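Quick notes on the structure that follows.
The values are calculated or read from the model by the stated rules, or taken from the named source; none is laboratory data. These figures come from a predicted structure and were not determined experimentally. Cβ sites come from the backbone with ideal geometry, for glycine too, and all protein chains shown count toward neighbours.
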Amino acid sequence: MITIITAAALIIAAYLLGSISSAIIVCRLMGLPDPRTQGSNNPGATNVLRIGGKKPAAITLLGDSLKGLLPMLVGHLLGVGPAVLAATGLAAFIGHLFPVFFGFQGGKGVATAFGVQFGIWWPVFGIWWPIGLPVLLIWLFVAKVLKISSLAALISMALAPLIVWLMGLPPALMGMQLIMSGLLIWRHRSNIEKLISGREDRLTDKDPSED
């Protein structure tokens, strides 16, 4: 039985881990410009790709995904209930959006959301990802067909709560996903405006995600 103190420590740790900006750190270590001041001014993998190319972008994408996945795995190992697991995933996601270490100026959250979704249900040594895998496949399909990564992110994350509902997961996890999807869509509001006006950039073969 997990204690309140342990649950609180897990949630706080998830937020602090989420607050570590992979994009900013990767750019600093690799001698690249601060992603908050270059390109789209967004500290995410796509902007790092524009600034520094595939390698730093791939490292950023991996780092952002792990920020969402690792706290969920720790939660499973500790045997936390759905409510604590949901709070943990949401804390990691919010940490990415509003990082305490970087003036609360974070990314848009797609990669971290994927990490959380892949960690919702993770049997030991099992390959069974009933939430993360469908959402990722939707992103890949839309990105491949329409070649607009922001639209792929919006569609996949808008459908994520439906996938959670179809899987019959506890209400706490449904609530977590609804909040994540809502925040992610809100963070993409400038992309939505560009989509409506037809000014949104199309996905190229170099773009790893819209994060």
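Would you check if GLY81 is surrounded by fewer than 24 Cβ atoms within 10 Å (Cβ to Cβ) and closer than 18 Å to ALA9 by Cα? Taking the combined requirement at face value, the residue satisfies it. For the range 93-114, indicate whether the set of residues that are part of a helix (DSSP H, G or I), touching a residue at least 60 places away in the same chain (Cβ under 8 Å), of a type in the set (D, E, K, R) and crowded, with 17+ Cβ neighbours inside 10 Å is non-empty. No: zero hits. Would you confirm whether any residue within the range 136-150 is charged (D, E, K, R), out of contact with any helix residue (DSSP H, G or I) (no Cβ under 6 Å at 6 or more places or on another chain), at pLDDT below 95 and on the phi > 0 side of the Ramachandran plot? So far as the range 136-150 goes, yes, one or more of its residues are charged (D, E, K, R), out of contact with any helix residue (DSSP H, G or I) (no Cβ under 6 Å at 6 or more places or on another chain), at pLDDT below 95 and on the phi > 0 side of the Ramachandran plot. The listed residues are LEU203, LEU184, LEU173, and the only one of them that is surrounded by 14 or more Cβ atoms within 10 Å (Cβ to Cβ) and at pLDDT below 90 turns out to be LEU203.
Those helices (runs of 4 or more DSSP H) of the range 1-76 in which at least 1 residues are at pLDDT below 95 and crowded, with 22+ Cβ neighbours inside 10 Å, considering only elements entirely within it, cover 22-29, 45-52.
Regarding LEU178, is this residue loosely packed, with under 14 Cβ neighbours inside 10 Å and part of a helix (DSSP H, G or I)? No.
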